[in-house]
Amino acid sequence: MSLFSAVEMAPRDPILGLNEQYAADTNPQKVNLGVGVYFDDNGKLPLLKCVQAAEKAMMEEPKARGYLPIDGIAAYDSAVKGLVFGADSEVVQSGRVATVQAIGGTGGLKIGADFLKKISPNAKVLISNPSWENHRAIFQNAGFEVGTYSYYDAATRSINFDGMLADLNAAAAGTIVVLHACCHNPTGYDITAEQWEQVIAVVKAKGLVAFLDMAYQGFGHGIAEDGAVIGKFVAAGLNIFVSTSFSKSFSLYGERVGALSVVANDKEEAARVLSQLKIVIRTNYSNPPTHGGAVVAAVLNNPELRALWEEELAGMRVRIKEMRQKLVDGLKAAGVQQDMSFITTQIGMFSYSGLSKEQMIRLRSEFGVYGTDTGRMCVAALNSKNIDHVCKAIAAVI
Ligand code: PLP
């Protein structure tokens, strides 16, 4: 008899399982469109020049690695505030945003979830249907009941916005609504600026709590453009949560750099919120790691490096858009009759292809093209060398 006799085997993470299957595949033409990672046109994970320059400068003046403050590097937190809200914005200037460095965007979500559980223990959480699967798991593990609001309509290959609004309207006051600030994962469909206004109006009228997950700022239409939605929530006078991830936008996946920002009513309230966020952090992992945060702070706070980052991020964004167009054109050329132009109206790293589970399995087994069973494909992993094979493979299973 062991302490662990009754411990059940947890289900495998579907994406990581897909990665293992991909690694074991001997097909020389295999393509991994499963995981949400940006690869360059050579199929390589980029190491951004701005990151290399910041690291080089750091190496030239090596620093000892003391503990960071619980809420992270001050210059990092202020750079995050600038990026998310605008450095000159009223919320930042008045000191009513509490920002903490977090272990990736996931860490930002988790700190926010744990803090919310303390202040609103009976609230329910709504995530989009479908959503990034970890949203459900993070909030459930923080002790919340998690439901969904309508989002994607497979029949029309678009957003069921009426359904979304109706579900938000029907939610009880205090319900925490997790919203994708831009580049919705997994569908690739974002609501319009006008629809955001309607969502904000419902959030305000019903007393809901908006938790905006911004894992892809800069991958949609631009850094400021993607961040604009945050400003709209702030302008509506709402207390919001925003999680930030630099995993994709800095190609710093393994450094685990992210943040959580909470908008309070005034400076004094923000200080109280910050003190509670620090307790959540302190009792989980004490304080964040140094390197990734230092790199991002160095880039964002140096005008030259920041300009270089913006250029490199734009390069990633533009390349993804080109790949979307090539995919649409290539599918047509490969004989696909149905209109696939919806792929170019989607935004960010993913495309909900509309393919069935059976078709996705055939793509894997017959062509070595790996996407998720839900039909999600990471278009940021397409390149000029693999696009023809992917188009032919999809054409063959459609
Ligand atoms: N939120 C969404 C919607 C994501 O897609 C991801 C990553 O895939 C994250 C959060 C987590 O980001 P990070 O890797 O920085 O924890």
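Of note:
- Between 0 and 90°, nearest 10: helix 14-24 axis offset from the chain longest Cα axis: 50 degrees
- Relative contact order (percent, whole number), the chain, Cα cutoff 8 Å, 6+ residue spacing: 26 percent
- Efficiency of FRET from Cβ geometry, residue 291 and residue 195, R₀ 41 Å, rounded to 0.05: 0.55
- Within the accessible area of the chain (1.4 Å probe), percent carbon and sulfur: 54 percent
- Gain upon complete extension [residue 75, residue 265; 0.36 nm per residue less C-alpha separation]: 66.1 nm
- A Förster radius of 25 Å, combined with the Cβ-Cβ distance separating residue 41 from residue 21, puts the computed FRET efficiency at roughly 0.50.
- R0 of 22 Å, Cβ-Cβ distance residue 334-residue 373: FRET efficiency to nearest 0.05: 0.45
- Residue with peak Gaussian network fluctuation, the chain [Cα springs, cutoff 10 Å], from 119, 240, 138: 119
- In terms of packing, defined here as the mean over residues of other Cβ atoms within 10 angstrom, the peptides 144-150, 128-134 line up highest first as 128-134, 144-150.
- Euclidean distance of C-alpha centroids, region 296-310 and region 41-93, integer Å: 8 Å
- For the chain: accessible area per residue (Å², 1.4 Å): 45 Å²
- Separation between Cα centres of region 123-162 and region 380-398, rounded to whole Å: 30 Å
- Computed extension gain for residue 282 through residue 170, at 0.36 nm per residue and net of the alpha carbon distance, reaches 36.7 nm.
- Peptides 241-248, 296-303 ranked from most to least packed, by the mean per-residue count of other Cβ atoms within 10 Å: 241-248, 296-303.
- Calculated diffusion of the chain, Stokes-Einstein form, Kirkwood radius summed over Cα pairs, 37 °C and 0.692 mPa s, µm²/s: 149 µm²/s
- Too-long pairs where the Cα-Cα distance tops 24 Å, listed order kept, from 30/326; 30/110; 30/332: 30/110
- Separation in nanometres of the label points that stand 7 Å from Cα toward Cβ, at residue 59 and residue 357: 4.8 nm
- Extension gain from residue 137 to residue 90, taking 0.36 nm per residue of separation minus the Cα-Cα distance: 13.5 nm
- DSSP beta bridge pairing in region 67-301, given as percent antiparallel to the nearest 5: 45 percent
- Each stretch of four or more DSSP H residues adds -39500 (n - 2.57); spread over every residue of the chain, this sum gives -14500 deg cm²/dmol at 222 nm.
- Contact order for region 1-134, expressed relative to its length and based on alpha carbon pairs under 8 Å spaced 6+ residues apart, stands at 11 percent.
- With eigenvalues of the C-alpha gyration tensor scaled by 5 and rooted, region 67-301, Å: 26, 19, 17
- Among 319-325, 2-8, 169-175, the order from most to least packed when residues are scored by Cβ within 10 Å on average: 319-325, 169-175, 2-8
- Among 176, 15, 111, the largest mean-square fluctuation in a Gaussian network model of the chain, built with springs joining Cα atoms closer than 10 Å, belongs to 15.
The values are calculated or read from the model by the stated rules, or taken from the named source; none is laboratory data. Since the structure is predicted, the reported quantities are computational estimates derived from the model, not experimental observations. Every residue, glycine among them, receives a Cβ derived from its backbone with ideal geometry; neighbour counts consider all protein chains shown. In case anyone asks, the SASA skips ligands and DNA or RNA and just uses the protein heavy atoms, side chains included. Shrake-Rupley method; radii C 1.70, N 1.55, O 1.52, S 1.80 Å.
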